[in-house]
Amino acid sequence: AVNMLSIFSQFDFSHLAVNMLGLFFWGREIGRMLGGTRLLGLYLAGGLVGNLVQLGLSYSKESQYRWGQPRATYGLGASGAVNSIVTLSILFNPKSTVLLYFVIPVPAALLGLGFILRDFAGLYDTSSQVSHAGHLGGAAAGLIYWLLLRRRVF
């Protein structure tokens, strides 16, 4: 339960603002396409997968962790959930144009690739306070959702 509650909170206001902007723009589009119930399902799945990937990476880095011991790292935020929605939107419309910083026109597929590469690079930045693994987990959830939709599983 705590793992799911963390996707409705944020570490700081700037990260909250970026996530909510992403949810507003991409979430409206996906909500129109899939409906509110499926949008919520994708949001929750993306958040859960993102948090599990981040926690798995954190545990794998701790060589002497014992169950119940206080953790030095934690997952907090909606980025994995929002990244699942952004990824699904980009996969549906890869040739659409996105205004980066509300000014620079960028093809959606290129922007998505940039997000993914930034997060893979961020995995190696030991000083980063950003859950890059959580971002990638959320993006993976969006990709899996897209693949299931293409196979008409839903």
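Values for this structure:
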read-out: The listed residue being at pLDDT below 90 and part of a loop (DSSP other than H, G, I, E, B), out of Pro70, Pro94; value: Pro70
read-out: Subset of the stretch 1-57 that is at pLDDT 80 or above, crowded, with 17+ Cβ neighbours inside 10 Å and polar (S, T, N, Q) - its residue that is nearest to Tyr101 (Cα to Cα); value: Asn19
read-out: Members of the stretch 81-122 found to be of a type in the set (A, V, I, L, M) and either touching a Gly at 6+ places or on another chain (Cβ under 6 Å) or under 19 Å from Arg32 (Cα atoms) (or both), listed by number; value: Ala81, Val82, Ile85, Val86, Leu88, Ile90, Leu91, Val98, Ala108
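The values are calculated or read from the model by the stated rules, or taken from the named source; none is laboratory data. Computed from a predicted structure; not experimentally measured. For neighbour counting, all protein chains shown are included, and Cβ atoms are generated from backbone atoms with ideal geometry for every residue, glycine included.
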